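Shown next, in structure tokens, is the structure this report addresses.
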Amino acid sequence: LQVLIRHYSQQKQAFAQPQRRSISLIQLKLDDFLNQANLTEEDLRAYYEAVKFQRYAGPDTRTWTEFMFNSEAEARQALGRIAGGANADSIAGLANSTQRRGPQSTMASAALAERVFGPSAQQGGIFGPVQTGNYYTVARLEAIEAGEVEPFEAVREDIFDALSREQAIGLYYDSLSRLDNLIGTGAGLEEIASEMGTPVLSFIAVDRTGVTELGLAPSVLRADPEILTRAFDLTEGAKTARFGQDETAYMLRVDS
């Protein structure tokens, strides 16, 4: 027995349990507000009408004329006549001209394509000159044909999800302001949770890695490394201000 006692005394640290803390937590997530969206069918259709050509239409088709010159100076000198709608036959110094039609991917010059198919490009617009091989090219946009638009019914769910998330973001940040105001009053965790309409999550004692004496590891406590770091920086009964990142916010108290 004396040998065992002496061994125990010498190896006492090996038998020590890690410090553990019981934690209570308030958690606010942006996703919690998604089901609070207040959207009517009129809201969804109004959004669709406002953005359908930008978001729900296929690539448009454009018609343009390419005017090619041997030098940049000749190309620049002809800009006025090209802008005025002059025919190729009447433009001095012109080496060649071609009218083309198609989507952006069919335009050989990427630099010209970005301009001719740009969102602000309008019929009659002049772009260039841009060097293309041995020539300097000026493009005149002749016509724009919008791409096929997806029907409202096909994109309704996408619109609902997008607008719901937009509303949820506003509600989430409003709730963070309320939470900060309540924390500023010195209110307790349960009082704050009641005012916010959210539960207090309480956990049995865990160590610094978020594991209980029985080896359980509550996922909420390990969702953000700051939770355990802050919990083990506090004294018993102390609580944090709001913390968190991205779309989740926390406030916690060390119960014991």
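The values are calculated or read from the model by the stated rules, or taken from the named source; none is laboratory data. This is a predicted model, so every value here is computed, not measured. Every residue, glycine as well, gets a Cβ built from its backbone with ideal geometry; the counts of neighbours run over all protein chains shown. For the accessible areas, the whole protein counts, side chains as well, though only heavy atoms, and no ligand, DNA or RNA atoms are used. Shrake-Rupley method; radii C 1.70, N 1.55, O 1.52, S 1.80 Å.
Checking each residue in the range 118-134 for being over 17 Å from P103 (Cβ atoms), outside any strand (DSSP E or B) and open to solvent by 50 Å² or more (accessible area, probe 1.4 Å) picks out S120, Q122, G133, N134.
Residues that are surrounded by fewer than 17 Cβ atoms within 10 Å (Cβ to Cβ), of a type in the set (K, R) and under 30 Å from K52 (Cβ atoms) do not occur anywhere in the range 207-216.
Hey, among the residues in the range 227-251 that are small (G, A, S) and out of contact with any helix residue (DSSP H, G or I) (no Cβ under 7 Å at 6 or more places or on another chain), which one's nearest to Q27 (Cα to Cα)? Quick ask: steps written out before the conclusion?
First pass over the range 227-251, keeping only residues small (G, A, S): 231, 237-238, 241, 244, 249.
So of that shortlist, the ones also out of contact with any helix residue (DSSP H, G or I) (no Cβ under 7 Å at 6 or more places or on another chain) come out as 231, 237-238, 244.
Working: A231: 14, G237: 18, A238: 17, G244: 9 Å.
Top of the filtered list is G244.
Please go through the range 201-256 and give me each residue that is assigned to a loop (DSSP other than H, G, I, E, B), of a type in the set (S, T, Y) and touching a residue at least 60 places away in the same chain (Cβ under 8 Å), ordered by number. Give the steps one after another, and end with the answer.
Narrowing the range 201-256 to residues assigned to a loop (DSSP other than H, G, I, E, B): 207-211, 213-219, 223-224, 232-238, 240-242, 246-247, 255-256.
From what's left, of a type in the set (S, T, Y): 209, 219, 235, 240, 256.
S256 - this is the single residue of the range 201-256 that is assigned to a loop (DSSP other than H, G, I, E, B), of a type in the set (S, T, Y) and touching a residue at least 60 places away in the same chain (Cβ under 8 Å).
Could you list, in sequence order, the residues of the range 36-51 that are free of Cβ contacts under 8 Å to residues at least 12 places away in the same chain and either within 15 Å of A168 (Cα to Cα) or of a type in the set (A, V, I, L, M) (or both)? Listed by number, the residues that qualify are A46, A50, V51.
Considering each residue of the range 135-158, count those that are open to solvent by 90 Å² or more (accessible area, probe 1.4 Å) and touching a residue at least 40 places away in the same chain (Cβ under 8 Å), and give that number.
Looking only at the range 135-158, we keep the residues that are open to solvent by 90 Å² or more (accessible area, probe 1.4 Å), and these are 148, 153, 157-158.
Those still in the list that are touching a residue at least 40 places away in the same chain (Cβ under 8 Å) too: 148.
Qualifying residue count for the region: 1.
Within the range 183-194, the set of residues being over 23 Å from D246 (Cα atoms) and in a helix (DSSP H, G or I) comprises E190, E191, S194. Would the range 171-185 turn up any residue that is under 13 Å from I26 (Cβ atoms), among the small types (G, A, S) and open to solvent by less than 30 Å² (accessible area, probe 1.4 Å)? Within the range 171-185, one or more residues are under 13 Å from I26 (Cβ atoms), among the small types (G, A, S) and open to solvent by less than 30 Å² (accessible area, probe 1.4 Å).
Matching residues to (1) of a type in the set (G, A, S); (2) surrounded by 15 or more Cβ atoms within 10 Å (Cβ to Cβ); (3) within 30 Å of V138 (Cβ to Cβ); (4) at pLDDT 90 or above:
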site: I26; (1), (2), (3), (4): no, yes, no, yes
site: N35; (1), (2), (3), (4): no, no, no, no
site: R45; (1), (2), (3), (4): no, no, no, yes
site: Y56; (1), (2), (3), (4): no, yes, no, yes
site: S71; (1), (2), (3), (4): yes, no, yes, yes
site: I91; (1), (2), (3), (4): no, yes, yes, yes
site: L94; (1), (2), (3), (4): no, yes, yes, yes
site: Q99; (1), (2), (3), (4): no, no, yes, yes
